[in-house]
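Below is one structure, written out as structure tokens; comments come after it.
The values are calculated or read from the model by the stated rules, or taken from the named source; none is laboratory data. This one's a predicted model, so the numbers in the text were calculated from it and none came from an experiment. Positions of Cβ are generated from backbone atoms using ideal geometry, with glycine treated the same way; all protein chains shown enter the neighbour counts. Areas reflect the complete protein model, heavy atoms only, side chains present, ligands, DNA and RNA absent. Shrake-Rupley method; radii C 1.70, N 1.55, O 1.52, S 1.80 Å.
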Amino acid sequence: NAGVTQTPKFQVLKTGQSMTLQCAQDMNHNSMYWYRQDPGMGLRLIYYSASEGTTDKGEVPNGYNVSRLNKREFSLRLESAAPSQTSVYFCASIRYSDYGYTFGSGTRLTVV
Amino acid sequence: AQTVTQSQPEMSVQEAETVTLSCTYDTSENNYYLFWYKQPPSRQMILVIRQEAYKQQNATENRFSVNFQKAAKSFSLKISDSQLGDTAMYFCAFMNGGYNNNDMRFGAGTRLTVKP
């Protein structure tokens, strides 16, 4: 099925551990995005990639790195996890046919 | 920078009645899109309705309609004949048009509960 696939769906980390959230889309979309969702704050942009080989910071990039490995894949890395990074993370890509987003199903990350 | 404000953190409505969720935004752009997304407990983000800023006609999708007031920068969502399945978080969102800077700005959300 065409769409955005995120892995893992759930993760618990200890403070200081590192991990990479994976995202892949099979719709040939150029632009991809990483958001975090926190209670009372909606979704906030962490990083985005307008095309293969380019990445840019969003509203809340501190503590994260990203890699646009190819057109399909856009990963988000936490080098040293902190409790403040406990959140739900969404990956998305944009359809320019109607300017709609296709979202992944989200990753619930808890840092203890 | 564009901002999106949802002033109603929580709302409730009786089944079969009508409810309106409010959203205001701030931008100096003329070419943009507005969206309402629904997020049920499954946390999947589901597009409810979208509005192109250049269109004067308000968008409608079955029981969902918007009141788009461009001059006032207001974009409210009306849900008619509310159903129990409408219980969810609702997010208002803004996106610039064109092919650059198409990140979406979201409001803080409104938690809607439909009561039987």
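Couple of notes before you dig in:
- The modelled label-to-label distance between A:Arg44 and B:Arg111, using points 7 Å beyond Cα along the C-beta direction, is 2.0 nm.
- Taking every protein chain into account, the 1.4 Å probe leaves B:Asp103 with about 20 Å² of accessible area, to the nearest ten.
- Interchain or long-range residues, amide H under 5 Å from B:Met11's placed H: B:Arg111, B:Leu112, B:Thr113
- Between B:Gln14 and B:Glu52, the distance separating the two model label sites (each 7 Å from Cα on the Cα→Cβ line) works out to 4.1 nm.
- Across the cross-link table entries B:Lys55/B:Lys78; B:Lys70/B:Lys115; B:Lys38/B:Lys73; B:Lys38/B:Lys70; A:Lys9/A:Lys71; A:Lys9/B:Lys38, which are compared at the Cα atoms, the separations over 26 Å belong to B:Lys70/B:Lys115.
- Per residue, the average separation of C-alpha pairs within less than 8 Å and at least 6 apart gives segment B:1-93 a relative contact order of 35 percent.
- Distance-filtered residues of segment B:17-49 - backbone nitrogen under 19 Å, label point 7 angstrom along A:Asp98 Cα→Cβ: B:32-40, B:44-49
- Across peptide B:103-113, the mean count of Cβ atoms from other chains lying within 10 Å of each residue's own Cβ comes to 5.
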